[in-house]
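The structure follows.
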Amino acid sequence: MIDFKKHSGIHSIKTEQVLNIPLGKAWDFFSSPGNLEEITPLNMGFQITSELNKKVYAGQVITYKIGILPGIKSSWVTEITQLKNQEYFIDEQRFGPYKMWHHEHWFKALPNGKTLMKDEISYKVPFGIIGSLAQQIFIRKKLKSIFEYRYAALERMFNGG
């Protein structure tokens, strides 16, 4: 499920997915930044450029290169601003393609060893009316395709799909 909304010039995306793995295994996977490449479309040219610790921690700064348009790469710097072990972590853009990016990753143990994973993203596009037009024409579609790809990748990896 992917839900898009807009409020006060800020766009939000909410996704959720049940994974057929226990909470500890889900947390281990998602709290290891190096695994992000496995669930990101190849055509984005996504590359982590900072040294990585095994697990995320509050205050950690992670740098990336991403393809924002064909042939155009952008640097992206995020910080893990908050973390509660096996419950949630939040990354926020410090520098990058958005005017604002706030991404909450939530995890909850379910019966029978499954995990509910939720993402809540709030973002604002730059460049005023030009950015708003870009949001309508391709940014929303691009983000939708990224989260659809991620959903399918996680289904294959953890749900036998």
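The values are calculated or read from the model by the stated rules, or taken from the named source; none is laboratory data. Only a predicted model underlies this, so the values are computations on that prediction, with no experimental measurement involved. Positions of Cβ are backbone-derived with ideal geometry, glycine not excepted, and every protein chain shown enters the neighbour counts.
Could you list, in sequence order, the residues of region 77-97 that are in a loop (DSSP other than H, G, I, E, B) and acidic (Asp, Glu)?
Glu87
Also: Just wondering, is there one or more residues in region 54-76 that are in contact with a strand residue (DSSP E or B) (Cβ under 8 Å, 6 or more places away or on another chain), of a type outside the set (A, V, I, L, M), surrounded by 14 or more Cβ atoms within 10 Å (Cβ to Cβ) and assigned to a helix (DSSP H, G or I)?
no
Here's a follow-up. Any idea which of (1) hydroxyl-bearing (Ser, Thr, Tyr); (2) closer than 19 Å to Tyr149 by Cβ; (3) surrounded by fewer than 14 Cβ atoms within 10 Å (Cβ to Cβ) is the one Thr40 doesn't satisfy?
Every condition holds for Thr40 apart from (3).
Here's something else I'd like to know. Quick test for you: out of Ser31, Ser8, Ser12, Ser74, pick the one residue that is without any contact (Cβ under 8 Å) to a residue 12 or more places away in the chain, among the polar types (S, T, N, Q) and under 23 Å from Ser122 (Cβ atoms).
Ser8
Can you spot a residue in region 1-18 that is loosely packed, with under 15 Cβ neighbours inside 10 Å, touching a Gly at 6+ places or on another chain (Cβ under 9 Å) and at negative phi?
no
Looking only at region 1-60, count every residue that is touching an Asp or Glu at 6+ places or on another chain (Cβ under 7 Å), of a type outside the set (A, V, I, L, M, F, W, C) and under 18 Å from Asn159 (Cα atoms) and tell me the total.
Total satisfying the criteria: 1.
Looking for whichever is charged (D, E, K, R), surrounded by 14 or more Cβ atoms within 10 Å (Cβ to Cβ) and either out of contact with any Ser or Thr (no Cβ under 6 Å at 6 or more places or on another chain) or at pLDDT 95 or above (or both) here; the options are Glu87, Glu155. Which one fits?
Glu155
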